[in-house]
Each structure stands twice: as C-alpha cells, then as structure tokens.
Amino acid sequence: MGVSSRYWTLWYLSPASENLGYENCLIPAAQAFAQNHSPCAQDGVTQATLLSYFHAQSSSVTIWMQAQAGLCLRCYVSASILKACYTIDHLFGSNKAFSYRDLLPFVLDDDGKTHVILDRDRKTQLVVMGDEQSQATTYPIFAVEVLRTFKVAESSASLDNWAFLRTKQNVELKQFLAEFGFQHLSDWALLNRARPRQMERLSERDRHLINAFHQVYRRDRRQQLAGSRRCPDPSTEQLQKMMTDLQQQNVAISTASELMSSLKRVAAQLRQYDLWSHRVPLEVHDVETGRDTMRSDLPCSEVDELDLEQKEVLMFFHQQLDLALNAAIAQELRDRVATLERSKKYAPLAPQYVPGLRFYYEQGLSLKEIAPLLGMSSWDQARRVLNPGDLLSKVRAMTVQRVLDRVLEQAQQKGFAQTPPDPNYLRTLAEQVEVVADQEIFQAAVEEMRAGQCRSFNSVYAQQLRLYLNECRENQSHD
C-alpha cells in the first residue's frame, strides 16, 4: 500500500457544484513530493516527515521544499475541514435553516494554487514567489492556520482532530452561527428563559443577577395578560427592584446602568452556551448493548479518533471554556483592585489599575510609557502595580481549575472517573485540559506579550479582557 492520496487530493470550495458546493482535484506537485520524500507508507511517518519539512529551520531544507510539504499537508487538512463542516451541521440538528454549504466559505478557502510557508517566528503566512522570494500574504489561508497552530510535540490531539477544533473555533464561522441561530432572541429573552443547567456554569455573582432578574422581570412578564411577544428593556422601576434584591444577597451594584451592563454580559455568556450546547448529541444509546455509540448518520472517518474519554473531555471543555475564561478575568481583576485598595503603599494607585490595563491592551503601550501617564514614579512601579504577566498567569490557573472541576464532575457522572478520582486519572485529565486551554487561548496571549515593540493584542484572552475593561469603563462613566 502506497502513501495515502489524501496528501495530494485537495477539497476546495466550488459554488458551481449544485449538489455539494465543493469539489476535489489532484495536485500533481503535492503527489510527487509526498511520494518522493516519504520514507514509508505508514501515514504517521508520512505526516511527521511532511511536518518536519514544513516547519524546518535548517538551511538544508529550501523554501520550495517547505512550500511543497505544506501543500501536501493542506490537501490532507482540507478533508478534515470539510468533515468538520458536515459534523457541525449535524450537531445542530435539523431544526435550522442553514447547512454545511453555508459554513464552507469561512474555512474551505484553499484552491491549492499558491505556495505558502511560515515566517521564522511561525506567526505570518508568506507567499513564495519566483526565485524563492516570499512576501506576506494579504489573505491568510485557513488550512495553513491549522498547520501553523498545530505543534506535534505539545498536542494530545491528532491533526484531524486539531483541524476539527480549529474549524469549530473559527471566528467568522462562530459569528455566523451565533447571528444566524439566535438573531431573534434579545438579551432579555435569553435571561428570561435561563435554566438551572445553564446557570450552574456561571459564577455565584452572575447566578444572583439572573435570580434577581427572574424575581422581578420574569414575574412581571407572567403577570402581563397581553402585550408584545418580544421582551422589552427592563424599566427603571424593575432595575431598582433588582438592585434591592441584589443588595440583600451582598452583590454590590450602585447604578441602574451598571446593572444593565452586567446583565448584558451574562446574556452574552448564555448566548455562547446556547451556541454549542443546544444541539443533537454525537452519540445515541444502543438498547441491545446498553452503551452509547456514534450516530450512524454522522460522516464516517477513515482515521483513528481520540478515545471516548478524551472526546468527552474535549467536547465538554469547549462548551464552557469561554464562560470559564470570562468568569476568571472578572474575578481576578476584582481581586487585584481590592488588594491594591487594602495596601498602604499602593492604595492611591488602585483607581489607575483598570486604565493602566487599557493603555497596555488597547493601545499597545509599554509599562515604561504607561508609568508617567498614570502618575507612577517608574517602570518598576508600573510593573508591580499592573503586572500583566502575573495577571495572565492567574487567569490561566483559575480558568483551568474551573474547567477541570466541571470536566471531572462530568467524567464522574459518565462513569469515566471514580469518586474520589484516581490520582493518575486526575493528573492525566489536568494535563489534557491545560494543553487544550493553552492551544486555544493562553499560548497566543503569552506570545503577544513577548513580541516587544509594535505588538498587537488579538488573542482570545486579549479580546475578552478588553470587553471586560470596556464594561468597567462604561460603569465608571455612569457613576
């Protein structure tokens, strides 16, 4: 048996194809390279060899060798991306008005006509021109992004599963699903219909917010004999009643505008939860065997999948990762401001903490540049007060712990783990959660901080932090 044809058969977007929306084609250059440079027919060896060429830093590997190895891997990944679109389509069930064809333009954007490599820092896609010259591409290819972020030595997922995870996390695809699937539900409707299963994934403070909302807003809606089907904005009187209820629960919210911002933030978390949890499950129960098996209507895979436990971990992890991250950011920032306020030495600088982070993450200023803007004496004082590296570390630890707690609980309910859990199982589970969390969020955040001058913060962590900082700014402006 020869090298798999997946390394030279490219699946690409073809709107002209009436039935499918995609086609496949043979890439002769990829076929020649894969067959000439693979030492044997074993797929794992072939893939490892091609990845070593694609990510090579050695002068013995030319730019064209890198580009052609990358082309082989892009062919391979295209099948995984296509399968992921099919799977996402099936996950949302039949009660929807979109299909996998609507997802393809976001991720199946590779026509195989361009030779692409990565720069030395593995951050930028470069198009290879004639005479082995290269220049930054104006349109990054998604399949190359999958390869760029896949690190063999650090990943517990196969390249196929990594492609699925990256496809599911594609920003444009997620925005499409969010807008398309829930465009008719206002923030107030989401909060009004929040159920205990959704609320248990929120922080205690956010649960109090929803309970207060239900006590006032939901009660009023039920008492209405007639009216608009769409949930209106809470009235000033309703907001005041909610604030009174929250004060009894020791939740400090001083203004109606602050309460509105907090409620909208919680609604955003519920919207994200809805996006990946209200769907048809991957498995169905087999009455004869008494076990859960993969649904037969899902696209079959010709490659080895992750074992059952790891699939459960990954799916459950991604259902709540954003919720855990948001909760950790909010908690850690509140704790840090409170710690500064209790400090005799740094209490006067406590009000500058949030503005300082905005300078850092919104304008990309260095601590040395931020210090005089906030009336601090030196770079060292700005570092001790703001310390964005330590903030990132603490948020990572809190996020991982929150996810680990929920995943362990899920594993025990599914019968994968004992109560109390076996130490080896717990250690392995923690390693899996940390690996995926770093790949999805924190590795990119660390690399941004290390970039030095002219850096930009575009990671998931930076985006979520900016959202919370903007919420803080809005609340302060209304105080």
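The values are calculated or read from the model by the stated rules, or taken from the named source; none is laboratory data. Note that the structure is predicted; figures quoted are calculated from it, not measured. Because the Cβ atoms are built from the backbone with ideal geometry, glycine has one as well, and the counts that use them run over all protein chains shown. These area figures cover heavy atoms from the full protein model, side chains too; ligands, DNA and RNA do not enter into them. Shrake-Rupley method; radii C 1.70, N 1.55, O 1.52, S 1.80 Å.
Taken together, the criteria exclude V436 from residues that are crowded, with 17+ Cβ neighbours inside 10 Å and within 22 Å of R334 (Cβ to Cβ).
The set of residues from the stretch 379-432 being touching a residue at least 24 places away in the same chain (Cβ under 8 Å), of a type in the set (K, R) and over 16 Å from A324 (Cβ atoms) comprises R384, K414. Number of residues in the stretch 360-373 that are without any contact (Cβ under 8 Å) to a residue 60 or more places away in the chain, surrounded by fewer than 17 Cβ atoms within 10 Å (Cβ to Cβ) and not polar (S, T, N, Q) equals 5. Taking the conditions (1) open to solvent by 40 Å² or more (accessible area, probe 1.4 Å); (2) touching a residue at least 60 places away in the same chain (Cβ under 8 Å); (3) of a type in the set (A, V, I, L, M, F, W, C) in turn, L357 satisfies each one other than (1). Output the residues belonging to the stretch 99-138 that are part of a loop (DSSP other than H, G, I, E, B), touching a strand residue (DSSP E or B) at 6+ places or on another chain (Cβ under 9 Å) and either closer than 16 Å to G70 by Cβ or outside the structural domain of W64 (by TED's automatic domain parsing) (or both). Correct list: D109, D110, D111, G112, T114, H115, D119, T124, M129, T137. If you go through the stretch 386-405 and keep only what is under 14 Å from E434 (Cβ atoms) and either touching a His at 6+ places or on another chain (Cβ under 9 Å) or of a type in the set (K, R) (or both), you end up with R396, R402.
The residues of the stretch 76-87 that are at pLDDT below 90, buried (at least 20 other Cβ atoms within 10 Å of the Cβ) and either not assigned by TED's automatic domain parsing to the domain that holds L173 or not small (G, A, S) (or both), listed by number, are L82, K83, C85.
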